[in-house]
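Engineer: Before we start, here is the structure in question, set down as structure tokens.
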């Protein structure tokens, strides 16, 4: 390698992540994700998961009808909401997420960057299948401005990761037993085709893979694993520490370092898409979104096939960019991360999250999700082949908005 190329490599491998943190448009702090084939899930439906880490803590849901397909996406609650989507699902049952990869484009001096949110929005607008997405990428003008793992599922049973850089992609088919022998793959903040041993999220990768493998062994590889256990995972696979089920004997003041947990300061949201079995109506594709910090925010179901039917507490209302649920959850997050000076954001108050005295914030959030889950289960049980009924969903959201407002108000 020439001296010039060595310098270029060092700039990309060492300085790029530092520079990226200063950029507001990208998911730059992390992200943990998985793609799961329907052949190994309890329901037979494929699953797509992204636990989003970003400096953009204020998020919301948004319905779009500006493309071939309508879609629901997670967006930042700011001016980028109309141009970038950070994960979502469309009415054709096509769903996509990403994680930033910090070991690609070595030696590439391209200044066109941070297009992941744009690409996901445009893919949701026009793609129905994995083949559509591959064609969509192939015809884009290069350089693409990408350094990412894209996870994708479709209504035909397709499930794959696409590792991308500025000029090419490599597909990892999760349905291929030679590629994914256990029927799932995990990605954090590096690719397997990029520069080895460069990137972020190696500990998070091991933690997520361990948790999913254990769930598969127990026969509980389902949606709730990702909306509950993994979204709120407080373990470190390197040290062996695990506080996920811990209950403090104090109301507050038990501080632990959460830097390498799946859920930590900077974890802004969680997305899980339950696809449909091959041959089933794509309308049954369900997007579960925790629009704010997962330790303090409940996960809500939505159906992109329903025209602009979303819970009021999760969308922009009355000219306000930040929805109520985000505001409530971020208020509670400050109790779990009370230290703002220096390196204080690395340390969470475990007692504030969960304790044996009053249950903590986590106990209250889990109570809300149990009630939500019970009503959800009764509702979908009546639907023919899982196809959502608009009137049922509207009533469900009316109850949900009122219920969450009451419960979160009681937590102030």
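The values are calculated or read from the model by the stated rules, or taken from the named source; none is laboratory data. All figures in this text were calculated on a predicted structure; none of them were measured in a lab. Every residue, glycine as well, gets a Cβ built from its backbone with ideal geometry; the counts of neighbours run over all protein chains shown.
Engineer: If I ask for residues that are crowded, with 16+ Cβ neighbours inside 10 Å and part of a helix (DSSP H, G or I), which ones from segment 193-205 would you list?
Structural biologist: Scanning segment 193-205 gives 203, 204, 205.
Engineer: So which residues in segment 80-90 are closer than 16 Å to residue 149 by Cα and either touching a residue at least 40 places away in the same chain (Cβ under 8 Å) or surrounded by fewer than 24 Cβ atoms within 10 Å (Cβ to Cβ) (or both), if there are any at all?
Structural biologist: Answer for segment 80-90, where residues must be closer than 16 Å to residue 149 by Cα and either touching a residue at least 40 places away in the same chain (Cβ under 8 Å) or surrounded by fewer than 24 Cβ atoms within 10 Å (Cβ to Cβ) (or both): 86, 87, 88.
Engineer: Right, something else. Out of (1) crowded, with 22+ Cβ neighbours inside 10 Å; (2) out of contact with any strand residue (DSSP E or B) (no Cβ under 7 Å at 6 or more places or on another chain); (3) not in a loop (DSSP other than H, G, I, E, B), the odd one out for residue 74 is which?
Structural biologist: (2)
Engineer: Would you confirm whether any residue within segment 132-154 is surrounded by fewer than 24 Cβ atoms within 10 Å (Cβ to Cβ), touching a residue at least 40 places away in the same chain (Cβ under 8 Å) and closer than 29 Å to residue 281 by Cβ?
Structural biologist: no
Engineer: Inside segment 94-116, can you point out the residues that are touching a strand residue (DSSP E or B) at 6+ places or on another chain (Cβ under 8 Å) and closer than 30 Å to residue 301 by Cα?
Structural biologist: Those that are touching a strand residue (DSSP E or B) at 6+ places or on another chain (Cβ under 8 Å) and closer than 30 Å to residue 301 by Cα: 94, 95, 96, 97, 98, 99, 100, 101, 116.
Engineer: A further question on this structure: Show the residue pairs meeting these rules: Cβ distance below 8 Å; 6+ apart or different chains; first residue within segment 91-105 and at negative phi and surrounded by 24 or more Cβ atoms within 10 Å (Cβ to Cβ); second residue at pLDDT below 95 and assigned to a loop (DSSP other than H, G, I, E, B).
Structural biologist: Listed by first residue and then by second, the contacts come to 98/27; 99/27; 99/30; 100/26; 100/27; 100/28; 100/30.
Engineer: Between 341, 364, 356, which is free of Cβ contacts under 8 Å to residues at least 60 places away in the same chain, out of contact with any helix residue (DSSP H, G or I) (no Cβ under 9 Å at 6 or more places or on another chain) and farther than 24 Å from residue 87 by Cα?
Structural biologist: 341 is the lone residue from the list that is free of Cβ contacts under 8 Å to residues at least 60 places away in the same chain, out of contact with any helix residue (DSSP H, G or I) (no Cβ under 9 Å at 6 or more places or on another chain) and farther than 24 Å from residue 87 by Cα.
Engineer: Which of the strands (runs of 3 or more DSSP E) contained wholly in segment 209-313 include at least 2 residues that are buried (at least 21 other Cβ atoms within 10 Å of the Cβ)?
Structural biologist: Those strands (runs of 3 or more DSSP E) span 267-274, 286-290, 300-302.
Engineer: Which numbered condition in (1) farther than 29 Å from residue 40 by Cα; (2) assigned to a helix (DSSP H, G or I); (3) over 18 Å from the mean Cα position of the chain (by Cα); (4) in contact (Cβ under 8 Å) with a residue 40 or more places away in the chain is the only one that residue 325 fails?
Structural biologist: (3) is the only condition that residue 325 fails.
Engineer: Here's something else I'd like to know. In the list 260, 280, which residue meets the criterion of being more than 22 Å from residue 200 (Cα to Cα) and either in contact (Cβ under 8 Å) with a residue 40 or more places away in the chain or within 14 Å of the chain's Cα centre (by Cα) (or both)?
Structural biologist: Going through 260, 280 in turn, just one is more than 22 Å from residue 200 (Cα to Cα) and either in contact (Cβ under 8 Å) with a residue 40 or more places away in the chain or within 14 Å of the chain's Cα centre (by Cα) (or both): 280.
Engineer: Which number in (1) within 20 Å of the chain's Cα centre (by Cα); (2) modelled with pLDDT of 95 or more; (3) surrounded by fewer than 19 Cβ atoms within 10 Å (Cβ to Cβ); (4) assigned to a loop (DSSP other than H, G, I, E, B) marks the one condition that residue 63 misses?
Structural biologist: (4)
Engineer: Moving on to the next point. So residue 25 clears everything in (1) at pLDDT 95 or above; (2) under 25 Å from residue 165 (Cα atoms); (3) more than 14 Å from the chain's Cα centre (by Cα) except one condition, right? Which one?
Structural biologist: Result: residue 25 passes all but (1).
Engineer: As an exercise: evaluate residue 179 against (1) surrounded by fewer than 16 Cβ atoms within 10 Å (Cβ to Cβ); (2) in contact (Cβ under 8 Å) with a residue 24 or more places away in the chain and give the number of the one condition it does not meet.
Structural biologist: (2)
Engineer: If you don't mind, another one. Going residue by residue through segment 371-394, is there one that turns out to be in a helix (DSSP H, G or I), out of contact with any strand residue (DSSP E or B) (no Cβ under 9 Å at 6 or more places or on another chain), in contact (Cβ under 8 Å) with a residue 12 or more places away in the chain and within 27 Å of residue 236 (Cα to Cα)?
Structural biologist: Among the residues of segment 371-394, not one is in a helix (DSSP H, G or I), out of contact with any strand residue (DSSP E or B) (no Cβ under 9 Å at 6 or more places or on another chain), in contact (Cβ under 8 Å) with a residue 12 or more places away in the chain and within 27 Å of residue 236 (Cα to Cα), which makes the answer no.
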